[in-house]
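One structure below.
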Amino acid sequence: MTTIDADTNHLTIGGLDTVDLAQQFGTPLVAYDTQDIVNQVHAFQQMFAKHRIAGVVSYASKAFCVKAIYQLLAPLGVHADVVSGGEMATAFAAGFPASRLSFHGNNKSVDELRMALDHHLGTIIVDNFVELHLLQRLLNERNQKMNIQIRVTPGITAHTHQYIQTGQVDSKFGFDIESGQADQALQAALSDDHLNVCGVHAHIGSQIFESTGFVMAAEKLIALLIHWRDKYGYSAQVLNLGGGFGIKYVEGDDPQTPEEQLDTVLTSIEARLGNNHLEMPEIWIEPGRSLVGPAAINLYRVGASKRVPGLLPYVAVDGGMGDNIRPALYQADYEPVLANHVKDATKETIHIVGKYCESGDILVNEATLPTTKAGDVIALLATGAYGYSMASNYNRNPRPAVIFIDHKQANVVVRRETYDDMIRVDEELVESATVPDKSE
């Protein structure tokens with residue numbers, strides 16, 4: 001949680017002064033208050049308990065994937081979903097139980113599937129027929145069984161950015177319901193003794209502020225389960241609603257809290273199942289952004305500025321699109337704070353820009369702050385999701401350090417990259433013997 005220290009006029013996170021953190025650990029810096037993450041997990045779990053429904057909170061690793069996040073979540077009984085061999089390897093290295101991992105992705109490779117089978121992953125979310133047939137072949141070769149969920153596209157369009165809508169029919173994800181693909185996938189899976197079809201999965205998008213889309217998706221999935229029960233005699237053990245719970249980034253954002261959205265959806269599910277004499281399956285959700293997004297801030301040091309009469313000033317910081325690509329990629333908005341002069345009267349509206357060699361490297365297009373100068377510390381709030389996980393070495397800039405704050409103690413969980421780290425995977429040019437000597 002971020003607060004303002006009245007004595008110093010500094011921004012704090014987890015009870016620690018952000019200006020001190022910037023000095024101690026350097027900038028750019030990503031700082032998480034782990035208690036915020038724990039509290040949100042508990043809020044979800046308490047909502048399941050309120051409804052007396054067996055529920056699973058499965059963390060969407062793509063939001064922020066490092067060893068420490070798995071180690072924080074594991075004792076809380078949380079599951080996690082992974083979407084690549086790299087995320088799997090990170091979870092394994094962290095000691096996260098493989099039985100609580102589920103594997104997503106629309107183009108899982110043979111090697112990734114073998115990796116999942118070697119480690120006896122808990123569940124594979126099957127996304128398409130190519131993957132289903134490949135998985136069947138691998139399991140047959142190994143005489144191994146695997147739990148699966150069938151991902152479907154429910155035909156629901158969420159109110160979110162077009163690039164993060166995933167539940168509509170025209171999508172690269174999942175089996176289509178209306179055309180009969182979902183039925184075909186179920187029949188193929190049920191006919192294979194190596195597959196245990198645990199249930200059905202859908203994900204309708206990300207950064208969703210209202211429960212309406214989730215309720216519509218749940219109703220569509222329940223209708224599908226009723227159809228599968230009546231036509232194929234199949235009863236699902238799991239109804240996986242995916243994730244997408246929205247968070248507040250800036251003033252004007254007014255989402256329902258994630259647990260409020262879940263409350264509404266569970267109430268709807270209870271009614272629909274009761275009306276259709278369908279047993280309550282285990283309900284899974286896959287929050288990512290809502291668990292880690294509000295828990296973190298990015299800290300930057302102000303450097304150069306450009307001021308032209310009649311135009312908004314450009315104030316540059318020592319990070320940018322390399323550590324947070326979302327403003328450039330999604331036109332995402334963040335709330336900036338002048339961390340070392342929080343309560344000073346606002347004096348000017350500026351562009352907060354990064355140091356990368358791109359005109360589009362703008363972190364906040366119009367920010368109204370106290371007058372800034374070189375050496376000041378600017379914080380962007382709610383940067384815990386899809387910031388570090390999408391970071392790059394563009395312009396050969398090192399990725400930032402990440403710290404976790406717990407009980408007013410800050411610990412590095414990802415060290416700041418060095419130039420040597422970046423260069424380590426480079427190889428020397430090998431001259432071909434067939435290249436003619438230009439001196440001849």
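The values are calculated or read from the model by the stated rules, or taken from the named source; none is laboratory data. These figures come from a predicted structure and were not determined experimentally. All Cβ positions, glycine included, derive from the backbone under ideal geometry; neighbour counts span all protein chains shown.
Here are a few things to note about the model shown:
- Between Val78, Val57, the distinction of being buried (at least 21 other Cβ atoms within 10 Å of the Cβ) and in contact with a Gly (Cβ under 9 Å, 6 or more places away or on another chain) belongs to Val57 only.
- Taking the criterion of being among the aliphatic types (A, V, I, L, M) and crowded, with 20+ Cβ neighbours inside 10 Å, the residues of segment 25-40 that qualify are Leu29, Val30, Ala31, Ile37.
- Comparison of Ser171, Ser179 shows that the only residue that is without any contact (Cβ under 8 Å) to a residue 60 or more places away in the chain and either under 28 Å from Arg100 (Cβ atoms) or not assigned by TED's automatic domain parsing to the domain that holds Asn147 (or both) is Ser171.
- Yes/no for Gly86 being under 25 Å from Tyr330 (Cβ atoms) and either more than 22 Å from the chain's Cα centre (by Cα) or not in a loop (DSSP other than H, G, I, E, B) (or both): yes
- Selected residue (only one of Gly310, Gly354 is in contact with a Phe, Trp or Tyr (Cβ under 9 Å, 6 or more places away or on another chain), over 30 Å from Val57 (Cα atoms), free of Cβ contacts under 8 Å to residues at least 60 places away in the same chain and in the same structural domain as Asn9 (by TED's automatic domain parsing)): Gly354
- Reported count of residues in segment 399-429, each being closer than 19 Å to Phe64 by Cβ and of a type in the set (Phe, Trp, Tyr), is 1.
- Taking first residues from segment 220-248 that are in the same structural domain as Leu278 (by TED's automatic domain parsing) and within 19 Å of Thr267 (Cα to Cα) and partners that are hydroxyl-bearing (Ser, Thr, Tyr) and assigned to a loop (DSSP other than H, G, I, E, B), the Cβ contacts under 6 Å between residues at least 6 apart in sequence or on separate chains come to Gly244/Ser206.
- Any hit, segment 31-39, residues being among the charged types (D, E, K, R), at positive phi and modelled with pLDDT of 95 or more: no
- Search result, residues across segment 201-258 that are β-branched (Val, Ile, Thr) and closer than 29 Å to Gln187 by Cβ: Ile204, Val215, Ile222, Ile226, Val238
- Residue check, Phe96 surrounded by 24 or more Cβ atoms within 10 Å (Cβ to Cβ) and either part of a loop (DSSP other than H, G, I, E, B) or in contact with a Leu (Cβ under 8 Å, 6 or more places away or on another chain) (or both): yes
- When residues of segment 116-138 are limited to those that are among the acidic types (Asp, Glu) and assigned to a helix (DSSP H, G or I), the one surrounded by the most Cβ atoms within 10 Å (Cβ to Cβ): Glu131
- Cβ-Cβ distances below 7 Å connect the following pairs, each with a first residue in segment 58-81 that is under 14 Å from Ala296 (Cβ atoms) and in contact (Cβ under 8 Å) with a residue 24 or more places away in the chain, a second residue that is buried (at least 23 other Cβ atoms within 10 Å of the Cβ) and basic (Lys, Arg), and a separation of six or more residues or different chains: Ala63/Arg289.
- Every condition in (1) assigned to a strand (DSSP E or B); (2) surrounded by 16 or more Cβ atoms within 10 Å (Cβ to Cβ) is met by Tyr356 except one, and the failing one is (1).
- Meets criteria (within 17 Å of the chain's Cα centre (by Cα) and either modelled with pLDDT of 95 or more or outside any helix (DSSP H, G or I) (or both)) for Lys108: no
- Boolean, Thr372 is at negative phi, of a type in the set (Val, Ile, Thr) and surrounded by fewer than 18 Cβ atoms within 10 Å (Cβ to Cβ): no
- Only one entry in Val377, Val364, Val412, Val353 is within 24 Å of Ser206 (Cβ to Cβ) and modelled with pLDDT of 95 or more, namely Val364.
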